[in-house]
Structure formats: structure tokens, C-alpha cells
Amino acid sequence: MKRFIHIAYLKSVALTAFLLLVSIILQADEFKVISFKKVPNDVTAIMNNFKRYDDNDELCAIIKVRTDLPFLHFTASNPIVGKVEFMNGEYWVYLSGGTRQLSVFTEGFIKFSYNFPVSIESGKVYLLVLSSKSGGYVQTGKGTLIITSSPNHIKVGIDGFPDLVKETPCSFENYRAGKYQFKFNRLRYHPLDSIITIEKNTQKQIHIRLKPTWGNLIVSTNMDTADFQFNGQYFSGPELRLTGENYGPEAGTYNVVISKEKYHDVSLTVSIGEGDTSYYEAQLFPVTTTLRINTVPQEADVYLDGHYAGTTPFVAEKLIIGNHTVRIRKRNFVEEERNIFLEENQPAVLDFTLRNRTKVTIETYPAQAKVWVNGEYLGKTPLKAKVSSGEAKISIKKDHYEPLEKTEYIDGPGSLHYNLKKQKYRLTLKSNPPGATVKVNHAKKGETPEDLELPYGSYKVTVEKDKHFKKTKKIGLKEDRELNLHLTRRLNGYIGFTYTVRDTKYDIFKIGVEIGWTYKNVPRFMTGFGYQYGMGTDISSGLPDNVKIVNASMYNGLNLNSLAVDGFYEEKANLFYLHLGVVIPRPFVFAISINPGAEFLSGYKVNVSDGEYTDSSYGETIYRGDRFIDSQGETSTTSFILGVDLFIPFGSFYISGNYWISNTFVDFSPKLMFGLGYSFR
């Protein structure tokens with residue numbers, strides 16, 4: 001009987017479990033395959049970054065599962081190779097070739113086993129589009145998501161896209177529609193994970209707010225400045241202000257110690273909330289003691305740290321500890337001043353015996369020197385002052401003069417006079433090249449390098465060396481000084497060749513020689529002379545092609561004097577000239593000269609025909625505008641010319657350029673002449 005009851009009970013429990021399982025199954029959703037196909041153009045399975053091999057060392061196939069369902073898990077008839085990846089919004093499942101079945105399961109769904117309709121090949125890619133029977137579907141379109149945030153510059157990532165990281169504000173344009181798991185991170189803020197749907201053909205905008213892990217802290221005091229110790233760090237200023245993302249402390253409870261010299265320390269416990277601002281105010285109190293001041297005679301004025309405090313006998317209570325200056329003044333008595341250091345819990349007493357004053361006059365040469373008597377500054381000389389009778393220590397100072405210390409005994413009114421000595425300074429003289437003679441105010445002092453000790457004042461320093469330009473410099477010596485002078489080597493003379501540039505088509509080639517020199521006693525004056533020569537070999541070979549050679553007397557009606565002249569064809573040239581120049585040593589050696597000279601030219605005028613003329617013997621015609629010379633019209637001309645020359649030596653050589661000016665009616669002279677040769681240095 002008991003056994004029968006036990007069996008009946010077991011049947012009842014089994015029936016209840018079965019009904020519960022059926023209920024769960026009936027409530028669970030089911031998977032739905034939208035499509036399955038091989039993707040022949042997708043070579044992901046054989047790419048180096050993505051390919052995998054199974055236990056038989058064969059390339060795996062990739063089943064890309066595209067779905068709107070999150071958190072899927074997979075098994076297969078053959079073992080899945082490696083980890084299932086979520087890439088670009090798809091699940092990538094790696095399977096060996098020949099696998100027949102793939103199973104999918106997740107919470108709230110009945111496990112689904114899918115038999116592949118084709119044989120799975122190694123190294124190939126297949127696309128399985130999966131949704132749910134309850135109405136979910138896989139969106140195949142694309143959409144755009146725009147994300148803004150508070151604060152900006154939040155890092156945005158998507159599960160399955162490990163290489164994709166953006167910063168807000170940002171956008172995800174033309175992304176496949178579906179659900180994505182976004183991750184939002186920023187240093188010193190709580191991270192946020194959220195599933196966001198990108199909808200088909202829609203531009204969606206969302207705003208993300210991250211909660212900070214920090215807060216702001218402001219601690220003020222009644223001091224102009226104080227020292228703050230917070231979380232192992234030290235700060236100084238009128239207040240402790242730790243605010244903003246870069247400086248705000250992490251939320252929590254901290255201890256702040258506030259200190260200031262001569263004041264009692266203050267300790268505060270502060271609490272900082274996430275995203276909140278905490279304000280605190282602290283009062284610092286000074287450390288004080290007592291100071292008593294007595295004088296003989298009494299009723300003297302007391303100045304404490306420069307401020308009037310009262311008359312003696314004087315008591316200052318609650319005076320802040322540390323250094324203080326006490327000054328005592330009374331009419332017809334010497335002013336007294338003392339420095340005192342007050343310590344905590346140690347009252348202090350100062351006693352003064354004041355001394356009488358007497359009138360004295362103090363003068364110095366030169367005047368305007370500063371005077372101290374017994375440490376008291378009286379002013380600048382000449383001066384009249386009241387000083388204490390008896391022994392007086394007198395100090396006199398003036399810029400650039402030696403300080404004077406004297407002890408005088410003063411027993412009544414009188415006058416004191418002192419002559420001050422100029423302060424001496426070191427003057428270091430160097431030259432390049434060394435070994436140059438040094439003169440100071442025309443007096444010889446040695447050769448460079450030279451160290452001189454000279455009194456304060458103004459000096460004319462000259463440095464000179466044979467075969468070099470001397471150099472003079474005026475200096476005001478009011479401190480130790482170093483003077484380094486570069487001496488430029490003198491120009492003694494030159495010799496070289498010259499060449500004249502052809503200025504017109506009728507010029508001839510001209511070359512020449514020139515020589516020049518300077519003077520030992522006047523090294524900056526340069527003279528010289530030069531000569532140039534040029535000669536044509538044959539008139540017909542030297543003329544331009546468009547110029548004819550004719551006998552003008554054979555042309556009827558041709559009057560050469562009435563024709564325009566195009567130029568002068570040179571047949572022979574002689575040029576004689578002088579150099580009168582000035583040598584300039586700075587910033588480098590060069591010379592500028594004026595070159596007067598005389599030029600002797602022989603040749604032919606080039607005429608321009610004003611009409612048509614025919615040779616009476618040969619019948620040759622000159623047409624209007626033709627250029628020609630008269631073979632019987634050779635002429636000579638002499639011109640006074642003037643040139644401006646620039647002469648530049650470099651090392652043992654030189655170059656020069658000369659521009660000539662002529663006073664003739666057709667500009668017969670050369671314009672530019674260049675020289676090259678040897679310079680004597």
C-alpha cells in the first residue's frame with residue numbers, strides 16, 4: 001500500500017514538471033532563418049588577419065551570422081574552431097569543411113539547430129541571416145547615428161569593432177541597421193555601456209552624459225596667503241581651489257592642514273561628492289607675546305615696524321612673534337633703532353638711553369655723496385644735520401668712488417670735509433691680430449693683450465699695428481670691461497687687367513692694364529693710373545649684317561650732314577685715366593674712386609637713310625631706313641671722360657667695377673669696365 005502511494009506521488013511530480021516545461025517552451029520565442037547563401041566574392045576566410053586552421057591543418061570556413069538578436073551562443077556538429085567573434089555587427093563562426101549543422105541558443109529562445117542546405121567548403125564564406133518568429137527581423141538597410149556628450153571628447157567604441165574608436169562629438173554614417181552595444185569611456189568619469197539601435201534610412205541623434213568620479217573643493221581663509229596640505233600635495237595662495245576635470249579630487253573624505261608662519265595650524269576634514277562643489281572657510285589665529293619699551297628720558301615716540309605705536313613707557317600686548325623693528329624718536333635726541341626677535345610665551349623688554357644732538361656740516365669732493373653717521377643715513381653732501389655728541393662713526397659712499405670710513409670725535413658744532421678717491425676698474429684690451437700697440441689718451445700703455453687698471457672716467461683708447469689700419473674707441477669706464485678690437489690689414493697697392501663691356505653693336509673689344517698705390521702717412525688715400533686699347537681688324541668683318549659700306553660721293557643727292565646718326569663704329573680706341581680714391585676699412589676694406597681720363601677714338605659714323613639713293617656707277621641702291629657707313633668718311637674724336645669706381649680686395653686679389661661718363665654727341669665712350677688683379681696688403 002505504501003509502495004503504491006509512493007509511486008503515485010512520483011508520477012504526480014513528473015507530470016507537474018512536464019507541464020511546467022511545456023509552459024516554458026510555449027512562452028519561449030523561436031529562431032527564424034531569413035536566408036542562407038554562399039558569398040563567393042568574400043575572401044575573408046583566406047586573409048592573413050582572419051584565416052584559421054582546424055585540427056587537420058585545413059582552412060576553416062566562416063559562417064557570418066547577421067541578426068538583430070543579441071548575446072547569441074553557438075554549437076556545431078563539428079567543434080567550433082577558436083572563439084566566436086562579433087565583427088562589424090555580425091557573429092563570425094569558424095567551422096571545419098564538411099560541417100553539416102549549426103545550433104544557436106540564447107536566453108528566452110528555444111535552441112535551434114540548422115542543417116546547412118549545401119556542403120560547407122574549407123576557406124569559403126557563408127552568410128546566415130537570422131531573426132525571431134515573434135516579429136523581429138534583420139534590417140538590411142543603413143542609417144546614421146550622431147552622438148554628442150557632456151563632457152566632450154568621450155571615447156566611443158562598439159563591441160565587435162576593436163579598431164574603431166571615436167571621440168564625441170562624432171557620427172556613424174551609413175552603418176548597417178541593427179542593434180549595437182556601445183561603450184563610452186573617459187578618464188575620471190564612470191564608464192557607460194548601452195545597446196543602441198541604428199535604424200534604416202534614419203539619421204538619429206543621441207546625447208550621452210557621463211557622471212564624474214570627482215568633485216570640486218574650495219577652502220578659503222582670512223589670510224592673504226597660506227600653505228595648504230591636501231592628500232600628500234602642497235599648495236600656496238590666498239585659498240585652496242581644486243576645481244575642474246584636471247584638478248578636482250576624486251570623491252571621498254580628506255584631511256586638509258592649513259598653516260602660515262607665526263599662526264596656529266588649522267586641520268579640516270572635508271567631504272567631496274561626485275560632481276559636487278564643496279566650500280569650506282578656515283580662520284587662522286596668530287601666535288603672540290608681550291613687548292615692553294622703556295626710555296631715559298621718557299615720553300619718546302615709539303615706531304613699531306615703521307608705524308607709530310605710542311610713547312614710552314610703552315607696552316604692546318598680543319604682538320605677533322618673529323622679527324620686529326623698534327625705532328625711538330625724541331626732539332633734540334639721537335634717533336635709536338633696534339631689531340628684536342620675539343618668541344612664543346617669552347615676553348621681551350627693551351631699554352633705551354637717548355643721546356643729545358649737536359649741529360655739524362659735512363662736505364665732500366665731489367659732492368652728492370651719501371652720508372651715514374653711527375649707522376643713521378643723513379642724506380647727500382653738502383649737508384647740515386644734528387648728530388649725537390661724542391665719538392661718531394662716519395661712512396661716505398658715492399657711485400664709482402672708493403667708500404670712506406672715518407671715526408670723528410664731535411664735541412660741538414663744526415664742519416667736516418673729505419676728498420673721495422675714484423674707484424679703479426680693470427680694462428682688458430685684446431686685438432686681432434695680437435701684438436698691437438695700446439695708447440690710452442695718447443699715452444703708450446703696452447701691447448695687446450693688455451690688462452690695465454684705470455680710475456673711473458672717460459678714455460680714448462687707440463690700438464695700432466704695422467701694416468694695419470689703427471682703430472680708436474672712446475669708452476666710459478664705470479665697471480670692469482673687456483674690449484676686443486679687430487684690426488683691418490692695410491691696402492698698399494694693386495696691379496691688374498681691365499676689360500670694357502661692349503655697350504653697343506658698334507663697339508670693339510677693349511682690354512688694358514692698371515696700377516695703383518696708397519701712402520704710408522695717408523693710408524686711406526689711393527692713387528693710380530690705367531690704360532686701355534682696342535682695334536678692329538677689318539671694317540666689313542666687324543660691322544653688323546644690316547649695315548652697308550658705301551662711297552657716299554657716288555650717290556646723287558645724298559647729303560650725309562642731314563641724315564640721322566645711329567652710332568659710331570669704332571675702328572681704334574685709346575683710353576688713359578687716373579684713379580683718385582678713398583680707402584674705407586669698415587665693415588670690410590674697399591675703395592671708392594673718381595677716375596678722370598681722356599679717350600681717343602677713330603672710326604665711322606653709322607648713318608640712317610632718309611630716302612632712296614642710287615650709285616651712279618654701279619647702280620646699288622640705298623633704301624629709306626638703311627644703315628650705312630661712308631668708306632671715305634673715317635673720322636677721329638677725343639673725349640674727356642669721368643668714371644666712378646668701386647674697388648674690393650679679397651685676400652691677395654681684387655675686383656673692380658667702373659662706370660664711365662662721356663660728353664660726346666653720340667656716346668662714343670665705353671660704359672662699364674671691370675678689373676681683376678693682384679692687391680698688395
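No lab work stands behind these numbers, since they all come straight from the coordinates. This one's a predicted model, so the numbers in the text were calculated from it and none came from an experiment. Every residue, glycine as well, gets a Cβ built from its backbone with ideal geometry; the counts of neighbours run over all protein chains shown.
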* Using θ = phi - 60° and Karplus 6.51 cos²θ - 1.76 cosθ + 1.60, couplings along the stretch 388-405 (whole Hz; Gly, Pro as x) -> 6, 5, x, 6, 10, 8, 10, 10, 10, 9, 8, 4, 6, 10, 5, x, 10, 10
* Evaluate the charge dipole of the stretch 493-680 about its Cα centre and quote only its size in Debye, nearest 20, assuming +1 on the Cβ of each Lys and Arg and -1 on the Cβ of each Asp and Glu. => 1060
* **Sparse-neighbour loop sites [GluC sites (Glu not before Pro); the stretch 30-121; at most 11 other C-beta within 10 Å; DSSP]** => 107
* Within the stretch 174-219, report the trypsin sites (Lys or Arg not before Pro) that DSSP leaves as loop and that have at most 13 other Cβ atoms within 10 Å. => 188, 200
* Under 20 Å from the Cα of residue 465 - aspartates and glutamates, other chains or at least 8 residues apart -> 447, 450, 451, 482
* Would you mind calculating the gained length between residue 359 and residue 227 on full extension (0.36 nm times residue separation, minus the Cα-Cα distance), in nm to one decimal? => 42.4 nm
* Computed [θ] at 222 nm, helices only, for the chain once each DSSP H run of length n ≥ 4 contributes -39500 (n - 2.57) -> -1500 deg cm²/dmol
* Set Lys and Arg Cβ to +1 and Asp and Glu Cβ to -1, take the dipole of the chain about its Cα centre, and tell me which of 654, 115, 617 lies farthest positive. => 115
* Could you pull out every residue, at least 5 positions away or on a different chain, whose amide H is within less than 5 Å of the one on residue 620? Hs are placed 1.01 Å off N in the peptide plane, and Pro or chain starts have none. => 615
* Taking the Cα centre of the chain as origin and charging only Cβ (+1 Lys, Arg; -1 Asp, Glu), how large is the dipole, in debye to the nearest 20? -> 1620
* To do: Would you pull out the residues with amide H under 5 Å of residue 653's amide H, same chain only if 5 or more places away, H placed 1.01 Å from N?
  => 679
* Charge tally in the Cβ shell below 10 Å around residue 577, where Lys, Arg are +1 and Asp, Glu are -1, residue 577 excluded -> -3
* May I have the count of lysine pairs in the stretch 493-680 with C-alpha atoms under 15 Å apart, counting pairs 8 or more residues apart or located on different chains? => 8
* Based on the alpha carbon coordinates of the stretch 109-183, what radius of gyration and maximum Cα-Cα distance (Dmax) apply, in Å? -> 17.3, 53
* For the stretch 424-486: relative contact order, % (alpha-carbon pairs under 8 angstrom, 6 or more apart) -> 42
* Structure fact -> For the chain, the charge dipole (Cβ of Lys, Arg +1; Cβ of Asp, Glu -1; about the Cα centre) points to a positive end, and the Cα of 385, 568, 158 closest to that extreme belongs to 385
* To do: Loop only per DSSP, at most 14 neighbouring Cβ atoms within 10 Å: give me the GluC sites (Glu not before Pro) in the stretch 320-351, ordered by residue number.
  => 344
* To do: Go through the stretch 454-464 residue by residue and turn each phi into a ³J(HN,Hα) via Karplus (6.51, -1.76, 1.60, θ = phi - 60°); whole Hz please, and just put x for glycine and proline.
  => 10, x, 3, x, 9, 9, 10, 9, 10, 10, 9
* Structure fact -> Going through 384/474; 393/444; 38/179 one by one, the pairs whose alpha carbons sit over 32 Å apart turn out to be 384/474; 393/444
* Projected-area average for the stretch 199-304 over all orientations - Cα convex hull basis, square nanometres -> 11.2
* To do: For residue 423, enumerate residues with amide H under 5 Å from its amide H, sequence gap 5+ or separate chain, H modeled in the peptide plane.
  => 401, 402, 456
* Asked: If you take the alpha carbon radius of gyration of the stretch 493-680 and divide it by 2.2 N^0.38 Å, what ratio comes out, to two decimals?
  -> 1.30
* Can you give the Rg to Rh ratio of the stretch 29-132, both from alpha-carbon atoms, with Rh computed by the Kirkwood formula? -> 0.94
* **Dipole moment magnitude, nearest 20 debye, the stretch 275-420 about Cα centre, only Lys, Arg, Asp, Glu C-beta charged** => 800
* Structure fact -> Going residue by residue through the stretch 425-431, the Karplus relation 6.51 cos²θ - 1.76 cosθ + 1.60 with θ = phi - 60° gives ³J(HN,Hα) values, rounded to whole Hz and with x marking Gly or Pro, of 10, 8, 10, 9, 10, 10, 9
* Positive-end residue of 240, 219, 258, charge dipole of the stretch 216-282 with Cβ unit charges -> 258
* Largest-first principal axis extents of the Cα set of the chain (Å) -> 164, 129, 49
* Structure fact -> FRET efficiency for residue 204 and residue 57 from the Cβ-Cβ distance with R0 = 41 Å, rounded to 0.05, comes out at 0.30
* Asked: Points 7 angstrom from Cα along the Cβ direction at residue 367 and residue 621: gap in nanometres?
  -> 10.5
* Asked: How much length is gained on full extension from residue 385 to residue 41, taking 0.36 nm per residue of separation minus their Cα-Cα distance?
  -> 112.9 nm
* **Restraint check, 406/445; 370/430; 32/200; 422/473, Cα-Cα greater than 26 Å** => 406/445; 370/430
* Excluding the sites themselves, what is the longest stretch of the chain that contains no chymotrypsin sites (Phe, Trp or Tyr not before Pro) in a DSSP loop with at most 16 other C-beta atoms within 10 Å? -> 138-508
* **For a label point 7 Å along the Cα-to-beta-carbon line of residue 417, residues of the stretch 368-410 with backbone N under 17 Å** => 368-369, 381-384
* Nearest-0.05 FRET efficiency for residue 447 and residue 309, computed from C-beta distance (R0 51 Å) -> 0.15
* Measure out, as a whole number of angstrom, how far apart the alpha-carbon centroids of the stretch 315-382 and the stretch 439-471 sit. => 49
* Asked: Relative contact order, percent, of the chain when contacts are C-alpha pairs under 8 Å separated by at least 6 residues?
  -> 6
* **Relative contact order of the stretch 493-680, pairs being alpha-carbon contacts under 8 Å that are 6 or more residues apart, as %** => 24
* Partners for residue 183 among lysines (Cα-Cα distance below 17 Å; same-chain residues under 8 apart left out) -> 155, 166, 211
